[in-house]
Amino acid sequence: MAILTKEEAKKIIDKVLAYSKADETSVNISGGRTGNIRYARNSVSTSGESNDLSLAVTAVFGKRSGTATINEFDDQSLEKTVRRAEEIARLAPENSEYVPMLGPQNYLNTNAYAESTAKIDPDFRAKAAFDSIDPCRKKNLTAAGYLEDSAGFSAIGNSKGLVGYSKATSVDFSITVRTADGTGSGYAIRDVNDAGTLSTKAATEVAMQKALASSAARALEPGKYTVILEPAAAIDLLQNMMRSMDARNADEGRSFLSKKGGETRLGEKLFDERVSIYSDPTNPEIPGSPYAGDGRPQEKVTWVEKGVVKNMTYSRYWAEKKGVKATPPPSGFILQGGTQSLADLIKGTEKGILVTRFWYIRAVDPQTLLYTGLTRDGTFYIENGQIKFPVKNFRFNESPIIMLNNLEALGKPIRVNGSLIPPMKIREFTFTSLSDAV
Amino acid sequence: MQLSGLGIGALMGASIPVLGSAVSVEHLLEPGADVAMKKKLADVALNAAKSKGATYTDVRIGRYLQQFLFTRETRVQNITNAESYGVGIRVIANGTWGFSATSDVTPNGIAKCAETAVAIAKANAKLQTEPVVLAPQKGVGEVSWKTPLKKNAFEIPIQEKIDLLMKVNSEAMKNGAGFVTSNLFFVNEQKYFASTDGSYIDQDVHRIWPTFTVTAVDKGAGKFKTRDALSSPMGMGYEYLDGLETEKIAGPNGLVGYRSSYDMVEDAILAAKQAKEKLTVKSVQSGKYDLVLDPNHLGLTIHESVGHPTELDRVLGYEANYAGTSFATLDKWKTKTFNYGSKLVNIVADKTQPYTLGTVGYDDEGVPCKEWDLIKDGILVNYQAIRDQASIIGEKESHGCCYADNWNSVQFQRMPNVSLKPGTEKRSVQDMIKGVDKGIYIIGRGSYSIDQQRYNFQFGGQLFYEIKGGEIVGMLDDVAYQANTQEFWNSCAQLCDNDDYRTFGSFFDGKGQPSQISAVSHGCATTRFNGVNVINTGRKI
């Protein structure tokens, strides 16, 4: 078993640090098991499982650093790896932006590990696939899906006394169901830490229902429409926005957060006042890692409050230069919503389009965060509070900044891709052309 | 589909897949196990799988090396030297594929791995409805193949590479860039393949990609513009960076096209000037334009709108949950009259063209590589198929386009080079522009997006020049074109000749779950498309 306990990991870290002659040394151990099963055309196409345990040592002399990795743990291998990291560091070019390693930190407990997921075996995966394929076969529908599970740990330590340890499990599942004649397609996606809370059958039923309901779609003229974005549709645009909140880019004048004259938009109201976004690694619905890759603690951070930009992400170098706290990018985030369900949002819509998901989203203009992409696997026309008929897929050109200003309503957030995202109703969402794709 | 986010800073992040463990630079030049030892180990796998009931087995002993350099302005940000070494074993048992991989490259480790592969095949056979049918492949015996390179990039000292990137960065800054990132990517795949067909194939494959992004900023106006390198990733050694004058093509407005030799410093200087110019150029008026598309731009359009839709696994539905399916269905192909494009459109697939990313001697299931037609005189005539798909389209043999990105990944159908044949009439870019009344000349890879069946796409670029009355009148901004694949290729109106032919490439093309990367080239000459819909992408926030 490749999951070491905190004590086992600490023992190895201490041993590695004792071998080191560098000015500063850090050690990273990670390991675990990942497995997957993939199916298409109602048959399993591939499945596999792998175990891994590896150690990385970074040695630093002055402002030169070198990293070496190994997956053997006898004393000789550990010492050899330390020597190799030192050797690489001595030969490396000087990094003028090097920041000394962190000392001891306080980390929050995030509870991201579930025994039910750690116990997953090939039989579990085969059954998960069968539960998804079988109902499709019975209805003459075609299933293509993918399940990936992992159970692992990470341990960090350095010569300044920093120590960290965390365990996490996860299961990611996605399913596309198509009608036999290829005129309808539906999709569902789930991600959980605890495999006991995942039903591939229930998710598949949603995709089946969408596949059947999306058959024989009608064409609407492209243009500006009121849309209801399901969380699986909104997440990608929002994630892209959150990844663009780097302070250095903003300060350098090359971000949507840069403004005329060289200042940034920090502290400015950039969104509708109902938009509040924060991250919290201890949120029980989306438990995150207690620390970022470089050992900085993940804490609760408010990014946007009532439409106002409250924080940006910083590298340690840039934060030191600017004399501010070095807030790392979060692993997941929460867009606060209301109490309405997706069904409630549909009921309250006079005319609009329901979007299951977006596909092939790419940046068009980093200045305005304009993105293009297409709707996929279930796009429907809503009239007088009811889904009336499926519509052909659209290409959109839209910015999440503009979208979060054209906000009509936010529903109750649900977990998608490690974040909590509400279904949202947006006015004047820009569709620029039609696609024949199903 | 391509991995996204190759923009500012993103090259440093998780979007660049590093396969393997960090090693010293010297380690990248160590020879690894010799061929006789690999043959012995491969036979262990073949025999072990057979004894457990496999009816077919192939084994890949792979050593995958990478060296990546990342810089910005005056600073080296990161240098990655990585090695990944291990064995992947694929078997057919009870008519079903099984795959297992191990980093324990010993007779014992390999035998155990082969047994696991057979056990997985037998377990999956219970859920299987379509038994695997392999196209026949005669064993090729003991053979070898090597990328014909002049300078092994891994033998070039790191300092020489850093010096080049620092020169690129400083020249860009001197010429108006506010910021610049530059990168070098080198890949070497040392692959040994053996199968129960009687093939023992030793291959040494090299790839290179130099690239950069320059950014010009007008802080007063709160604006910034970028221009990416107009290089192409290649199946070459370090000689690609020689910048030979004989491989340059002089274009209009001081533009330079690069064939199989790239001048990175020259391109960076031009890029800085152009990025600065982009800060003040006029915004495009949306509408229909005739497009003149440079090979460094059109390559990506070929990749997305012809390369992916003609992958047979997509057509059959194996990628339905991720990359998607294809509009180029078997029933359309069977009519033998499906007009994919105009009569000028001849698109070939190959894994043999010199200097390209797809070119190897044999694919990852031991099939000798070749060239074949995908679209002939505008008609869809074939797909890209591997051994277990060939019978579906009535082919007697595989096309030889099976690939795995590492020893621990299972091989599957991947795109070969897919290229548009140049025109047979003598025509330069300047000649082509003279004939355009209202058009836009587009150079470089920009934003790109296409639907899951490859009907509707939108492409941007790096540089846009407005053409009026047969002349370039200035630069444009906020340009993207949207089209339907079939309509677009049917609007193909004119081709430049072979003198203008160049390849573009994708170094990190993504497909499959779990996702695997592959590298592929696309050749063409500058080509004209009539009456394409152009949108304005400018917004205010």
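Among the residues of the range A:102-136, write down those that are in a helix (DSSP H, G or I) and of a type in the set (A, V, I, L, M, F, W, C).
Applying the first criterion (in a helix (DSSP H, G or I)) to the range A:102-136 yields A:115-118, A:122-136.
Correct list: A:Ala118, A:Phe124, A:Ala126, A:Ala128, A:Ala129, A:Phe130, A:Ile133, A:Cys136.
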Checklist line | A:Tyr19 modelled with pLDDT of 90 or more, over 30 Å from A:Ile175 (Cβ atoms) and in contact with a Phe, Trp or Tyr (Cβ under 6 Å, 6 or more places away or on another chain) | finding: no
Check: For the range A:13-64, what are the residues that are within 14 Å of chain B (Cβ to nearest Cβ), farther than 30 Å from B:Ala121 by Cβ and of a type outside the set (A, V, I, L, M, F, W, C)?
Finding: A:Ser26, A:Asn28, A:Ser30, A:Thr58, A:Lys63, A:Arg64
Checklist line | Boolean, A:Asn249 is touching a residue at least 40 places away in the same chain (Cβ under 8 Å) and outside the structural domain of A:Ala155 (by TED's automatic domain parsing) | finding: no
Next item on the list: Report the residue count in the range B:456-514 for those that are more than 22 Å from the chain's Cα centre (by Cα), part of a strand (DSSP E or B) and over 18 Å from A:Leu434 (Cβ atoms).
Entry: 18
Note to self: Quick check on A:Ile235: is it closer than 30 Å to A:Tyr317 by Cα and touching a strand residue (DSSP E or B) at 6+ places or on another chain (Cβ under 9 Å)?
What the structure shows: yes
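If the requirement is being farther than 30 Å from A:Ser116 by Cβ and touching a Phe, Trp or Tyr at 6+ places or on another chain (Cβ under 9 Å), which of these qualifies: A:Val206, A:Val227, A:Val192? Lay out the reasoning, then the answer.
Working: A:Val206 fails: farther than 30 Å from A:Ser116 by Cβ; A:Val192 fails: farther than 30 Å from A:Ser116 by Cβ.
Only one candidate qualifies: A:Val227.
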Notebook entry, point to check: Which residues, counting only those in the range A:89-104, are of a type in the set (S, T, N, Q) and either loosely packed, with under 12 Cβ neighbours inside 10 Å or not assigned by TED's automatic domain parsing to the domain that holds A:Thr25 (or both)?
Noted result: A:Ser96
Notebook entry, point to check: In the range A:105-129, how many residues are surrounded by 20 or more Cβ atoms within 10 Å (Cβ to Cβ) and on the phi > 0 side of the Ramachandran plot?
Noted result: 0
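Return the only residue of B:Phe179, B:Phe185 being crowded, with 21+ Cβ neighbours inside 10 Å, modelled with pLDDT of 95 or more and touching a Pro at 6+ places or on another chain (Cβ under 8 Å). Don't jump to the end; show me each part of the working.
Working: B:Phe179 fails: touching a Pro at 6+ places or on another chain (Cβ under 8 Å).
Exactly one residue qualifies, and that residue is B:Phe185.
Every residue in the range A:66-78 that is in a strand (DSSP E or B) and out of contact with any Ser or Thr (no Cβ under 6 Å at 6 or more places or on another chain), please. Even if it seems obvious, please write down each step before you answer.
First, pick out the residues of the range A:66-78 that are in a strand (DSSP E or B): A:66-70.
Correct list: A:Gly66 only.
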Checklist line | Test: B:Val105 is modelled with pLDDT of 95 or more and either assigned by TED's automatic domain parsing to the domain that holds B:Asp197 or at positive phi (or both) | finding: no
Checklist line | Number of the condition not met by A:Cys136 [criteria: (1) over 24 Å from A:Glu205 (Cβ atoms); (2) more than 27 Å from the chain's Cα centre (by Cα)] | finding: (1)
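Let's see how each residue does on (1) crowded, with 22+ Cβ neighbours inside 10 Å; (2) assigned to a loop (DSSP other than H, G, I, E, B):
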{"site": "B:Arg314", "(1), (2)": "yes, no"}
{"site": "B:Ala323", "(1), (2)": "yes, yes"}
{"site": "B:Gly341", "(1), (2)": "yes, yes"}
{"site": "B:Leu344", "(1), (2)": "no, yes"}
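Just to be sure before I move on: is A:Ser65 farther than 29 Å from B:Arg90 by Cα and among the polar types (S, T, N, Q) in the structure I sent? Spell out the reasoning first.
Numbers: farther than 29 Å from B:Arg90 by Cα: yes; among the polar types (S, T, N, Q): yes.
Here the answer is yes, as A:Ser65 does meet what is asked.
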Notebook entry, point to check: Do you know which residues across the range A:290-311 are out of contact with any Lys or Arg (no Cβ under 7 Å at 6 or more places or on another chain) and within 28 Å of A:Gly411 (Cβ to Cβ)?
Noted result: A:Gln298, A:Glu299, A:Lys300, A:Val301, A:Glu305, A:Lys306, A:Lys310, A:Asn311
Next item on the list: Read through the list (1) crowded, with 20+ Cβ neighbours inside 10 Å; (2) small (Gly, Ala, Ser); (3) in contact (Cβ under 8 Å) with a residue 60 or more places away in the chain; (4) not in a loop (DSSP other than H, G, I, E, B), then give the number of the only condition that A:Ser30 fails.
Entry: (1)
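The values are calculated or read from the model by the stated rules, or taken from the named source; none is laboratory data. From a predicted model like this one, the values you see are computed outputs, not experimental measurements. For neighbour counting, all protein chains shown are included, and Cβ atoms are generated from backbone atoms with ideal geometry for every residue, glycine included.
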